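Novice: Handing you a structure now.
The values are calculated or read from the model by the stated rules, or taken from the named source; none is laboratory data. On a predicted model such as this, the values are computed, not experimentally measured, just so you know. Glycine also receives a Cβ, built like all others from the backbone with ideal geometry; neighbour counts cover every protein chain displayed.
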């Protein structure tokens, strides 16, 4: 099928014109041509109708090809003009090209005329499409700017070089700077962004300038009035129809109010969380007091028996009972401290059965006697990798919640432990990994949980209790602890038929729970020199007797400032220093820091009954070799001393 072609011929020879038409027709065109010979006729022809191409002789009577090129330029029409002549040289042909001609063809060799016309028509079509795309882009820009001028967000357009091209009026409401001020400041963005976010923003911005679409991000910036605010930023790369990168459009929204609300919500959560802990402590206060009184009764009773007992074997047994009671008291204090403040979990192989037994014993003294407590355990341990105190808290939270539901009416509270091997299919249903698990099940015979709310019971602050009866954090704490132990907690219930909580925790197959050192094991001693510092004289005397009994040479001090002077007098005289944390004038950590400045590798052991300012991790960062929680047994103290000294000198002094 022939391609229609409208040709304007600037040619004085009719024969040459016919030759050109025949050549074009042979090249696949259906040629419609008009021949003109003068400038006036060419101007008139250009105004009368659109032309696909102009074929122009160079030499005409009183008229030249250069004149024709000039007329075409004045018309502002985009029509390819090919000079077809046989009487000009190469320099003249190049001059025509430079003036605006599209090509030059010799009349004696018209074989490439068809290809030349085809190429120029394709180039013209491409120019037309480009102009159309540019116009569409211009209209899109105008539409975008019109919309952006009325939006509440700060809209901007940056060129491919990263410089501002345009910004909408909303920038003044968000930053305090007018659009004109912004455009007059090339580094405006860098100026207003808070220093801590500047690096992050520049990284995002440089990525955007590569044409990459990025995720939204948030930065802090300074308003013109000095206020520090929050901005949410998004960007979109802009390309033309040929994938040429034109720049980026950005959108910024002031989210300071949202951030403030989030901060207030976090503070409220923290306050309510602390309130729940205090509530739980109040609930358990009676049981704790009961336990402490039992422990103290045991200590006092066995101490009296030991004081009057003449049989050495029985006397030692009485003393061991005193130590056992003291250990129970220490564990109880640890549970209270862990429950009343946030501590990092101390995960280690733990027998969950032991935790259950301890928790149930404490609960028995807390919940109404109308509630029957049942345990379905086993002869073998259920070892998991867990924090003992947090597992204790999980059991206490669920059981006290169940006891509250049953109330004075009473009922049955059951705790069961079982091993479960989860197949790939079952594990997938529970969102767990396949393998061996310990399942802890806690059931009650209360009213049950309404199906409409069972999906929300683990949400923070969700509660069905009346005002003053609880904050609704107990089960959310359970959920958080179990999740942190790579487990899952599920609730099953039917109204009027009680509720059951199933907790799945990964089982440590073939491992045993960590146990204290056997009393039969020899307690390590030595002959090194020790400086012991504590403001409690009774503890100083006790430590002196313990350590000298193990063979050490001990210097004691009840004043931390005085202890520092003793060390400064001869910094190499002590192999290890043991100091209390909470002391007047100079705390244990401050004393340790002063000593380490004088002797960087000095072994130091820090002891504390309770401190919110120091823990094992912080102590290690200060260079302290060991961190012990009071009360400290003779064995634990001896092992810590021996380890600190041996790690410092390779153990050459141990005996």
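Novice: Within region 167-197, work out how many residues are in a loop (DSSP other than H, G, I, E, B) and free of Cβ contacts under 8 Å to residues at least 24 places away in the same chain. Write out each step before concluding.
Specialist: So the first thing to find is which residues in region 167-197 are in a loop (DSSP other than H, G, I, E, B), and the list is 168-169, 176-178, 184-187, 194.
In the following step, the residues that additionally are free of Cβ contacts under 8 Å to residues at least 24 places away in the same chain were identified as 168-169, 178, 184-187.
Selection size over region 167-197: 7.
Novice: Something else: Spot the failing condition for residue 428; the list is (1) in a helix (DSSP H, G or I); (2) in contact (Cβ under 8 Å) with a residue 12 or more places away in the chain, and only one is missed.
Specialist: That leaves (2) as the condition not met.
Novice: Looking only at region 42-66, how many residues end up being free of Cβ contacts under 8 Å to residues at least 60 places away in the same chain and within 22 Å of residue 88 (Cβ to Cβ)?
Specialist: Restricting attention to region 42-66, the residues satisfying the condition of being free of Cβ contacts under 8 Å to residues at least 60 places away in the same chain are 42-51, 54-66.
Pick out the ones that are also within 22 Å of residue 88 (Cβ to Cβ) and you get 42, 54-66.
The qualifying residues number 14.
Novice: Working carefully through the options 620, 569, 616, find the one that is free of Cβ contacts under 8 Å to residues at least 40 places away in the same chain and within 18 Å of residue 555 (Cβ to Cβ). Walk me through it before giving the result.
Specialist: Numbers: 620 fails: within 18 Å of residue 555 (Cβ to Cβ); 616 fails: within 18 Å of residue 555 (Cβ to Cβ).
Answer to the check: 569.
Novice: How about region 133-166: which of its residues are in a loop (DSSP other than H, G, I, E, B) and either within 20 Å of residue 256 (Cα to Cα) or modelled with pLDDT under 85 (or both)?
Specialist: Start the filter on region 133-166 by keeping residues that are in a loop (DSSP other than H, G, I, E, B), which leaves 149-153, 159-163.
Residues satisfying the conditions are 149, 150, 151, 152, 153.
Novice: Moving to a separate point now. Where in region 198-277 are there strands (runs of 3 or more DSSP E), lying wholly inside it, with at least 3 residues that are within 20 Å of the chain's Cα centre (by Cα)?
Specialist: Values: elements: 217-222, 228-239, 245-254.
In region 198-277, the matching strands (runs of 3 or more DSSP E) lie at 217-222, 228-239.
Novice: Right, residue 36: closer than 15 Å to residue 113 by Cβ, in contact with a helix residue (DSSP H, G or I) (Cβ under 6 Å, 6 or more places away or on another chain) and modelled with pLDDT under 95 or not? Talk me through it step by step, then tell me what you get.
Specialist: Details: closer than 15 Å to residue 113 by Cβ: no; in contact with a helix residue (DSSP H, G or I) (Cβ under 6 Å, 6 or more places away or on another chain): yes; modelled with pLDDT under 95: yes.
Taking the combined requirement at face value, the residue does not satisfy it.
Novice: So which residues in region 243-267 are loosely packed, with under 14 Cβ neighbours inside 10 Å and touching a residue at least 12 places away in the same chain (Cβ under 8 Å)? Break it down stepwise before answering.
Specialist: Quick first cut of region 243-267, residues loosely packed, with under 14 Cβ neighbours inside 10 Å only: 243-244, 257-258, 260-267.
Passing the criteria: only 258.
Novice: Within region 410-419, does at least one residue satisfy the condition of being on the phi < 0 side of the Ramachandran plot and assigned to a helix (DSSP H, G or I)?
Specialist: The initial filter retains those residues of region 410-419 that are on the phi < 0 side of the Ramachandran plot, namely 412-419.
With assigned to a helix (DSSP H, G or I) added as a condition, the list becomes none.
Checked region 410-419: no residue is on the phi < 0 side of the Ramachandran plot and assigned to a helix (DSSP H, G or I).
Novice: Taking residue 240 and the conditions (1) surrounded by 11 or more Cβ atoms within 10 Å (Cβ to Cβ); (2) assigned by TED's automatic domain parsing to the domain that holds residue 211; (3) under 18 Å from residue 173 (Cβ atoms), which numbered condition does it fall short on, given that it satisfies the others?
Specialist: In the conditions (1) surrounded by 11 or more Cβ atoms within 10 Å (Cβ to Cβ); (2) assigned by TED's automatic domain parsing to the domain that holds residue 211; (3) under 18 Å from residue 173 (Cβ atoms), residue 240 misses (3) alone.
Novice: Still on this structure: Would you say residue 498 is surrounded by fewer than 17 Cβ atoms within 10 Å (Cβ to Cβ) and either touching a strand residue (DSSP E or B) at 6+ places or on another chain (Cβ under 9 Å) or closer than 16 Å to residue 390 by Cβ (or both)? I'd like the intermediate steps shown before the answer.
Specialist: Working: surrounded by fewer than 17 Cβ atoms within 10 Å (Cβ to Cβ): no; either touching a strand residue (DSSP E or B) at 6+ places or on another chain (Cβ under 9 Å) or closer than 16 Å to residue 390 by Cβ (or both): yes.
Judged against the criteria, residue 498 is not a match.
Novice: Across region 98-110, what is the total count of residues that are closer than 15 Å to residue 55 by Cα and without any contact (Cβ under 8 Å) to a residue 12 or more places away in the chain?
Specialist: Going through region 98-110 one residue at a time, the tally reaches 1.
Novice: Another question, if that's okay. Please list, ordered by first then second residue, the pairs with beta carbon atoms under 6 Å, 6 or more apart or interchain, first in region 365-379 and within 12 Å of residue 418 (Cβ to Cβ), second part of a loop (DSSP other than H, G, I, E, B) and at pLDDT below 85.
Specialist: The qualifying pairs do not exist here.
Novice: Tell me, please, whether a residue that is assigned by TED's automatic domain parsing to the domain that holds residue 163, touching a helix residue (DSSP H, G or I) at 6+ places or on another chain (Cβ under 9 Å) and modelled with pLDDT under 85 can be found in region 263-281.
Specialist: Checked region 263-281: no residue is assigned by TED's automatic domain parsing to the domain that holds residue 163, touching a helix residue (DSSP H, G or I) at 6+ places or on another chain (Cβ under 9 Å) and modelled with pLDDT under 85.
Novice: For region 388-408, check the following and say yes or no: at least one residue is surrounded by fewer than 15 Cβ atoms within 10 Å (Cβ to Cβ), at pLDDT below 90 and more than 34 Å from the chain's Cα centre (by Cα).
Specialist: Checked region 388-408: at least one residue is surrounded by fewer than 15 Cβ atoms within 10 Å (Cβ to Cβ), at pLDDT below 90 and more than 34 Å from the chain's Cα centre (by Cα).
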